[in-house]
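All remarks here apply to the structure that follows.
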Amino acid sequence: MLFRFLYALCVFSATVSSCFAAVPLSQFFPYGSGAGDVFVPRSDDGSSPQVAISTPFYFFNFTHTNLWVNVNGAISFNAQISTFTPICGPVTAAYRMISPYWCDIDIRYGGSISYRQSTDPAVLQKASAEVSNAFPEFNGIQLTWAFVATYTDVPFFGSDSCANTNNNNAMNITDNFQVILATDQLHSFVIYYYNSIQWTTGTATGGNCLGLGGTPAKAGFDAGDGHSYYVIPGSCLSDIINIASKSNVGSPGKFVFRVDSANIVSADNSTGSHKNQPRQCSCTPKKMWLDIVLVLDSSEGVAQGSGINNALFDIIVPLTVNQDPTSSRIGIVAFNATTTIVTDLNVYNSNMDAAMGVMNMPYLGGPNSPTGLAQGLEEAKRMLLNARTSGNRKRNPQVVILASTVADGCLTKENQKDSSLPESVCVIANDMKENGVTIITVKYNFGDGLAYPLTISSPCSAFNNSNVDLEKDLGNSLCNANCFCPWGVDNNMQMWKMVKDPSGCRNTGECVYPLFTPASRLAAELTCQRTQNSYLADVFSGDKHTFLTALATGSNPPAIPYWIGLNDQTNSLNYTWTRPPPQSDVPAQQDDFTTWAPGFPLYNNADQACVLVDKFTSFAYKWKNAACFGPVAYPICQINACDTDNFCS
């Protein structure tokens, strides 16, 4: 909606140039020789030399300390990009990319691309202002590092040939845009500025001598893993030429994104300007507060140097490791036929010490056995039980990462217990999971035809060492483990229920608690507030409606009807979602999910200003207005999940 609105303003503005010079060059971040920029060598499909950046930059949950500025409209990590035809779906490649305008640029005969990293206070202040404006939750953020890359008057590939053969002005058909990476060393942001966009396609990708047609440019982000990506609307379509008239922050030609977590967050989704979104858990690796025990096979089945230590090193380095409750701790157990405790949880006080502890873990060699595996898990259980019962980390989320060449033996191919292997492996694992421990397993697969997999993992947390996405999978699993419901009244770990996504794999940022005593709407609201300052549940998606209804109908007796937080108690014709003091209520938006029964909603009706969910047909449950005083229904309370940015003591 916001994109369409800004484009409509452009179409009806007095002059075309006012649209397509959306961000004046004078308002770009300083660039060029006078700003101390380095220039990318003149080339077609080339890149800058590898740039070592002075501050780690988090992108798609990965930490990066080097990058390339590529001629074809993208900044990349891990590898250069020479591809000149944008891939319109998710990319499978050796690189991860930030692409303000991925297309076939040729600067051999004209235009320039320059870049620099900066800690200049003026640059950081400008970037901080853009982020604060885009993301209200980061109002007042103090960014500490920025990287500015500017594409100035860049022509399309083939423009020189067009100018020579058709005697036209093709070399003067150019694009101007800028990309800024910025971080406060916890969160990462990307800002796109577009000045004038006059072409979309080079002739080698099917474009004509006006730089149009063929496969147009793509703008967005890609993790390079074949599935994680984000595109700005219009990408790979002729409409991308209008990107300078669009925005996700209400200012044509400007886009701001948060990029450090597994999902790219667009500013328009953050502000909720047109649609309320379900809360998602944040995942800032530096702010994780996990207790992690690594139980690692160090037998002859894992040739020295061929384990998953490199992947573990890469996921530990971004963490903050010490004994403070707001940080993470690492313990290491090695096993073959027996067990060796390398370090307990109370040893490491820096991320690099922990990461190097993994890299320098003693190689035991010799045969392994299920007995060694069982002993390793028993040691992990002991460490975590000690943490849960003593000290200042009794409520920190707990994780075991198990990497093994030997099967756990809990299930055979026929789904039966394998009597030749220790029952204790299964019992120990089940005990830990029942006490809230997340078990992540990595089965070594060296082509030796092992009969049985590792089956003791938590849901969706079983991986193979041969998986090319292993590092990302482990990182995402840690994020998921650090997203959990707070402990309830009287230290009840099971009181709050995590709202799951439809796959059942990913935790969301929302926890709910159904109360089985019906009450009036006002009494229900007050009861939720007294229950850990929670509030009546909101419903911003069909999946959430389905989850809540299944929770209510599955109880004994069924908790139907049930109250939700939507109401129009001010009789203002504007519905809002209740929040507890001192928070402000959340206005309902035009494009929000709804599931009203026929004849509803009612507006400006003080007698029926509240909303409950009731049975509509034998299989459908719908929203209905009801009086806020008098009728009773079951409350379902909601509270934010604990996550890396919401520490729960």
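Quick note: the coordinates plus some simple rules give every number you see, no bench work behind them. These numbers were taken from a predicted model, which means no experiment stands behind them. Note that we place each Cβ from the backbone using ideal geometry, even for glycine, and neighbour counts take in every protein chain shown.
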Using modelled backbone amide H atoms (1.01 Å from N, in-plane), which distant-in-sequence or interchain residues come within less than 5 Å of Phe484's amide H? Cys642
Starting at the first residue of region 317-332, write each ³J(HN,Hα) from the Karplus equation 6.51 cos²θ - 1.76 cosθ + 1.60 with θ = phi - 60°, in whole Hz, x for Gly and Pro. 3, x, 6, 9, 10, 6, 8, 5, x, 8, 10, 9, 10, 10, x, 10
As an exercise, find the ratio Rg/Rh for region 21-98 from alpha-carbon atoms, using the Kirkwood inverse-distance average for Rh. 0.99
Past the 16 angstrom mark, what percentage of all C-alpha to C-alpha distances in region 543-597 do you count? 55 percent
Per residue, how big is the convex hull of region 161-309 when only Cα atoms are used? Give it in Å³. 198 Å³
Give the range of the longest stretch in the chain that excludes all GluC sites (Glu not before Pro) found in loop regions by DSSP and having at most 16 other beta-carbon atoms within 10 Å. 1-299
Once every DSSP H run of n ≥ 4 in the chain is given -39500 (n - 2.57) and the sum is divided by its residues, what mean residue ellipticity at 222 nm do you get, rounded to the nearest 500 deg cm²/dmol? -5500 deg cm²/dmol
Which whole-number percentage describes the relative contact order of region 573-623, with Cα contacts under 8 Å and a sequence gap of 6 or more? 27 percent
With 10 angstrom as the radius, rank Val190, Val148 by how many other C-beta atoms surround their C-beta, starting from the fewest. Val190, Val148
All Cα pairs of region 280-418, percent lying beyond 25 Å: 29 percent
Viscosity 0.692 mPa s, temperature 37 °C: Stokes-Einstein D of region 125-199 from its Kirkwood Cα radius, in µm² per second? 227 µm²/s
Over 27 Å apart: what share of the alpha carbon pairs of region 19-176 falls there, rounded to a whole percent? 29 percent
Report, by chain and number, residues whose modeled amide H sits under 5 Å from the one on Tyr621, excluding near sequence neighbours (fewer than 5 apart, same chain). Phe616
log₁₀ I(q)/I(0) of the chain at q = 0.07, 0.08, 0.09 Å⁻¹, via Debye over equal Cα point scatterers, no solvent, to two decimals? -0.55, -0.72, -0.88
FRET efficiency for Ala620 and Ser466, Cβ-Cβ distance as r, R0 = 45 Å, nearest 0.05? 0.45
Kirkwood hydrodynamic radius of region 461-574 from all distinct Cα pairs, in Å? 16.5 Å
In Å³ per residue, the alpha-carbon convex hull of region 91-143 encloses 166 Å³
Cα convex hull volume per residue for region 533-649, in Å³, equals 140 Å³
When ranked by the protection proxy of mean other Cβ atoms within 10 Å per residue, highest first, what sequence do the peptides 242-251, 389-398 form? 242-251, 389-398
Assign unit charges at the C-beta atoms only (+1 for Lys and Arg, -1 for Asp and Glu), then state the dipole size of region 233-357 relative to its Cα centre in Debye, rounded to the nearest 20. 720 debye
The chain, relative contact order in percent, only Cα pairs under 8 angstrom and at least six apart counted: 10 percent
Counting DSSP beta bridges in the chain, what percent are antiparallel, to the nearest 5? 75 percent
Quick one: if you stick a label point 7 Å off each Cα along the C-beta vector at Val489 and Leu25, how many nm between them? 6.7 nm
